[in-house]
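Enquirer: Below you'll find the structure I mean.
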Amino acid sequence: MVQAKTWVLKQHFEGFPKDTDFELKLEQLSKPKDGEVLLEAVFLSVDPYMRPYSRVRMQAGDVMIGTQVAKVIQSNNPSFPVGCHVVGQCGWRTHNVSDGSDITKVLDAWPQSVSLSHALGAIGMPGLTALYGLEEVCAIKPGETLLVNAAAGAVGSVAGQIAKLKGCKVVGSAGGDDKVAYLKELGFDQAFNYKTVSSLEEALKNASPEGYDCYFENVGGPFSSVAITQMKAFGRIAVCGGISLYNDTTQQTGPYPQLEMIFKQLKMEGFLVSRWEHKNEESLKRMLTWMQEGKLKCKEHVTVGFENMPAAFMGMLRGENIGKAIVKV
């Protein structure tokens, strides 16, 4: 018998999450049966999507949802031998028994010089989200101008770099001077701190007076209302997230963008990364190559200790991280 530590959602969040919304529990796991493997977590991810998904995908008492990089420590499944590493939808738990349906082996070509934690970031779901948002939703073209908000986060920072690789001008918005400095290190053409500018409208105009062809939306709310007015005709908006809305207890209202979208013939599309799952292996190989070539740079904000999962999650929602927020067991 193996004892797993798990973090459960003690009660649904009301407003911003609190320590008392989580409970650490122990779970007894039986030995893996035929076709099953026993996993031990190495790195766990905390991501913005967990906040809204907790309301629609979870009940009080459920283990918190999430992805991890885990090591196979016992195996009765030849597809996952002992010692190999996998990415799995195992939730916030230190150990898990899986039948293999919810795990994927880390790329065979994964170099020892690259931390496996990046399989939860740039060479994982956030990186794929950035790639598909640009290529599949925005269909971005060389010479176009892209606006990215939450640009120093796990998805935004990768989206901006991919757009630069494609020959685009990139403008990034972030919530701190240290984050703005990081965006400039990554090669963003323009970057600003939305918390300190006197006018978001003027900041967007100054960064790109001619407007924006594409907008990678991670924030929603008032930022979106202002940004939509600065889109060029036939602009495309990839709606990836709306982190400014996730902790609201009262729903935000207006202004409403319909007339702006009609007159400029804009396209706005929400998307989930899973839509292009059939492309993941090839896409991950592409991004891993970019990283090895130094074309894709990825900063991580690492919290040590499984006991600190709630603190890491809440810190990420407060914007304390630059790049991908990770917990190292």
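The values are calculated or read from the model by the stated rules, or taken from the named source; none is laboratory data. All of these numbers come straight from a predicted model, not from anything done at the bench. Counting neighbours? That spans all protein chains shown, and the Cβs are built from the backbone with ideal geometry, glycine included. What goes into the accessible areas is simple: the full protein's heavy atoms, side chains included, and nothing from ligands, DNA or RNA. Shrake-Rupley method; radii C 1.70, N 1.55, O 1.52, S 1.80 Å.
Enquirer: Measure nothing but the geometry: give the 0 to 90° angle between the long axis through the Cα atoms of 177-186 and the longest principal axis through the Cα atoms of the chain, rounded to 10°.
Expert: 90 degrees
Enquirer: Using Cα positions and a limit of under 20 Å, work out the lysines in reach of Lys33, with same-chain residues fewer than 8 apart set aside.
Expert: Within the straight-line cut-off, Lys33 pairs with Lys71, Lys105.
Enquirer: Additional query: Note the per residue figure in Å³ for the convex hull of the C-alpha positions in the chain.
Expert: Residue-normalised Cα hull volume stands at 131 Å³.
Enquirer: Got a sec? What order do Met287, Met268 fall in by accessible area at 1.4 Å, biggest, i.e. largest, first?
Expert: Order by accessible area, largest first: Met268, Met287.
Enquirer: Which whole-number percent gives the relative contact order of segment 125-273, counting Cα pairs below 8 Å spaced six or more residues apart?
Expert: 23 percent
Enquirer: Continuing with the same structure: Run lengths n ≥ 4 of DSSP H only: what is the helix-derived mean residue ellipticity at 222 nm for the chain, with -39500 (n - 2.57) per run over all residues, to the nearest 500?
Expert: Value at 222 nm, helices only: -7000 deg cm²/dmol.
Enquirer: Follow-up. For the chain, what is the relative contact order in percent, using Cα pairs closer than 8 Å and at least 6 residues apart in sequence?
Expert: Value for the chain: 17 percent.
Enquirer: How large a share of the accessible area of the chain, in percent, is made up of carbon and sulfur atoms when the probe is 1.4 Å and the other protein chains stay in place? Can you show the working numbers first?
Expert: Values: 7680 of 15040 Å².
Heavy-atom surface of the chain belonging to carbon and sulfur, 1.4 Å probe: 51 percent.
Enquirer: When the scattering of segment 125-273 is computed by the Debye formula from its Cα atoms alone, each counted once and equally, what is log10 I(q)/I(0) at q = 0.09, 0.11, 0.18 Å⁻¹?
Expert: Taken in order of the listed q values, log10 I(q)/I(0) reads -0.24, -0.36, -1.03.
Enquirer: Thinking of segment 188-329 as a set of Cα atoms, what percent of all their pairs are more than 18 Å apart? Could the numbers behind the result be given before it?
Expert: Numbers: 7040 of 10011 pairs.
Looking at segment 188-329, the distances longer than 18 Å represent 70 percent of pairs.
Enquirer: Run the quick spin-label model on Gln292 and Thr196: label points 7 Å from Cα toward the beta carbon, then report their separation in nm to one decimal.
Expert: About 4.0 nm separates the two model spin labels.
Enquirer: Quote the charge dipole size of the chain about the Cα centre in Debye, to the nearest 20; the model charges only the Cβ of Lys and Arg (+1) and of Asp and Glu (-1). Present the calculation step by step, with values, prior to reporting the outcome.
Expert: Details: 34 positive and 35 negative charges, 63 e Å.
With only Lys, Arg, Asp and Glu charged at Cβ, the dipole is about 300 debye.
Enquirer: Let me ask another. Mind checking the full-extension length gain between Gln89 and Asp177? Use 0.36 nm per residue of separation minus the Cα-Cα distance, one decimal, nm.
Expert: 28.2 nm
Enquirer: Here is a follow-up. For segment 171-329, report the accessible area per residue in Å² (1.4 Å probe, heavy atoms, rounded to an integer). Could you put the intermediate results ahead of the total?
Expert: On the way: 8150 Å² over 159 residues.
Here the per-residue accessible area is 51 Å².
Enquirer: Hey, can you find the accessible area per residue of segment 1-116 for me, probe 1.4 Å, expressed in square angstrom?
Expert: Details: 5800 Å² over 116 residues.
On a per-residue basis, 50 Å².
Enquirer: Oh, and also: Going Cα to Cα from Lys285, which aspartates and glutamates come in below 14 Å? Please leave out same-chain ones fewer than 8 positions away.
Expert: Asp108, Glu277, Glu293
Enquirer: May I have the count of lysine pairs in segment 125-273 with C-alpha atoms under 13 Å apart, counting pairs 8 or more residues apart or located on different chains?
Expert: 9
Enquirer: Expressed in nm², what is the orientationally averaged projection area of the convex hull enclosing the Cα positions of segment 31-99?
Expert: Values: hull surface 19.6 nm².
Averaged projected hull area, Cα only: 4.9 nm².
Enquirer: Any idea what angle helix 280-292 forms with the longest principal axis of the chain, computed on alpha-carbon atoms, 0 to 90 degrees, nearest 10?
Expert: 80 degrees
Enquirer: Give the residue list of GluC sites (Glu not before Pro) in segment 172-253 that are DSSP loop and have at most 12 other beta-carbon atoms within 10 angstrom.
Expert: Counting only loop positions with at most 12 other Cβ atoms within 10 Å, the GluC sites (Glu not before Pro) in segment 172-253 are Glu210.
Enquirer: Compute the angle between helix 156-165 and the longest alpha-carbon principal axis of the chain, please, reported from 0 to 90 degrees and rounded to the nearest 10.
Expert: In the chain, helix 156-165 runs at an angle near 60 degrees to the longest axis.
Enquirer: Grab the beta carbon distance between Tyr53 and Leu259, set R0 = 25 Å, and tell me the FRET efficiency rounded to 0.05.
Expert: 0.20
Enquirer: Could you work out the relative contact order of segment 192-329? I mean the mean sequence separation of Cα pairs under 8 Å and 6+ apart, divided by the number of residues, in percent.
Expert: The normalised contact order for segment 192-329 reaches 17 percent.
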